[in-house]
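Working notes, structure below.
The values are calculated or read from the model by the stated rules, or taken from the named source; none is laboratory data. Predicted, not measured: the structure shown is a model, and the values here were computed from it. Every residue, glycine among them, receives a Cβ derived from its backbone with ideal geometry; neighbour counts consider all protein chains shown. Note: areas computed on protein heavy atoms with side chains; ligands, DNA, RNA excluded. Shrake-Rupley method; radii C 1.70, N 1.55, O 1.52, S 1.80 Å.
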Amino acid sequence: MNTDTATTGRDVPARADDRRAAHAADPLTRSLVMAGAVAGPLFVVVAAVQFVTREGFDLARHPLSLLSLGDSGWVQITNFIVAGVLMLAFAVGTGRSLGSGPGHRWAPILFGVFAAGLILGGAFTADPALGFPAGAPAGYPTEWTFHGTVHAVAPPLAFLAFVAATFVVAKRLSWEGHRTAAAWTRVVGIACLVLTLPFELWMSVRLFVGIALAFAWITACAISLLRPRAMA
């Protein structure tokens, strides 16, 4: 593909007739991208049902990670892992959809890291804390287990990768000429970063809103890849 970027070595907008808009064209790629479209709604709905119905769980105090504990913890463990596997499929589908041009290498890698963070978050559960599940310490644990430490690392890893992915995709959107979509994509990335900053005020609620917003953007991104000549 001949582009101004390729000929000058700089990231400048390609001519309209030279742009290769991201698109999931073949059936396999479309199936992989569709996995990303369903990952978010599935994860958010399953999590929401749990924090409404699990006895003793209070989203105002307890992060979603604690849902992986207790007798019904397998539900959230499965939720994390399934979402991660679906996001891995989406990462592959994104790579196949982007072809060449800005973001064709880094977007799939960053989506893959996001997926890995979700899978690790399910495979390695958090340590009991904040009185959940019943019998857990009233505060945070004074000593972390290995699986609790891995779980503590996984969410920041996933969200940093996601935020980076939004800026990579925004660059691609600008290159394709979708400057409004690129601007909104950067807004989503910044908003998710702010929502997940580690300070106490409404932290668990902010984390859930950040997750929901991130997955909503991924779903929109996936749907747009299924449309002709559009990324968002």
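Here are some notes:
- Residue count for segment 89-107, restricted to those that are open to solvent by less than 30 Å² (accessible area, probe 1.4 Å) and charged (D, E, K, R): 0.
- Residue match in segment 1-13 (condition: touching a Ser or Thr at 6+ places or on another chain (Cβ under 7 Å), open to solvent by less than 30 Å² (accessible area, probe 1.4 Å), in a loop (DSSP other than H, G, I, E, B) and at pLDDT below 95): no
- Residue pairs whose Cβ atoms lie under 9 Å apart, sitting 6 or more positions apart in sequence or on different chains, and linking a residue in segment 185-207 that is closer than 13 Å to residue 63 by Cβ and in a helix (DSSP H, G or I) to a partner that is among the acidic types (Asp, Glu) and open to solvent by less than 80 Å² (accessible area, probe 1.4 Å), are 204/58.
- Reported count of residues in segment 182-208, each being open to solvent by 70 Å² or more (accessible area, probe 1.4 Å), more than 19 Å from residue 153 (Cα to Cα) and aliphatic (A, V, I, L, M), is 3.
- Just one of the listed residues (138, 126) is closer than 23 Å to residue 198 by Cα, among the small types (Gly, Ala, Ser) and open to solvent by 20 Å² or more (accessible area, probe 1.4 Å), and it is 138.
- Residues in segment 72-84 that are of a type in the set (S, T, N, Q) and touching a residue at least 40 places away in the same chain (Cβ under 8 Å): 76, 78, 79.
- Here segment 74-99 is the region considered, the condition is being modelled with pLDDT under 95 and among the small types (Gly, Ala, Ser), and the residue that is nearest to residue 44 (Cα to Cα) is 93.
- Search result, residues across segment 113-169 that are in contact with a Lys or Arg (Cβ under 8 Å, 6 or more places away or on another chain) and among the aliphatic types (A, V, I, L, M): 130
This table checks each residue for (1) under 14 Å from residue 218 (Cα atoms); (2) free of Cβ contacts under 8 Å to residues at least 24 places away in the same chain; (3) touching a Cys at 6+ places or on another chain (Cβ under 7 Å).
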position	(1), (2), (3)
31	no, no, no
37	yes, no, no
52	no, yes, no
59	no, no, no
63	no, no, no
70	no, no, no
88	yes, no, no
100	no, no, no
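- Here residue 141 fits the description: in contact with a strand residue (DSSP E or B) (Cβ under 8 Å, 6 or more places away or on another chain) and closer than 20 Å to residue 59 by Cα.
- Within segment 121-137, the set of residues being out of contact with any Pro (no Cβ under 9 Å at 6 or more places or on another chain) and either under 17 Å from residue 154 (Cβ atoms) or among the acidic types (Asp, Glu) (or both) comprises 122, 123, 124, 125.
- Some residue of segment 44-58 being assigned to a helix (DSSP H, G or I), modelled with pLDDT of 95 or more, closer than 30 Å to residue 173 by Cα and of a type in the set (A, V, I, L, M, F, W, C): yes
- Candidates 86, 118, 173, 110 - the one that is part of a helix (DSSP H, G or I) and open to solvent by less than 10 Å² (accessible area, probe 1.4 Å): 173
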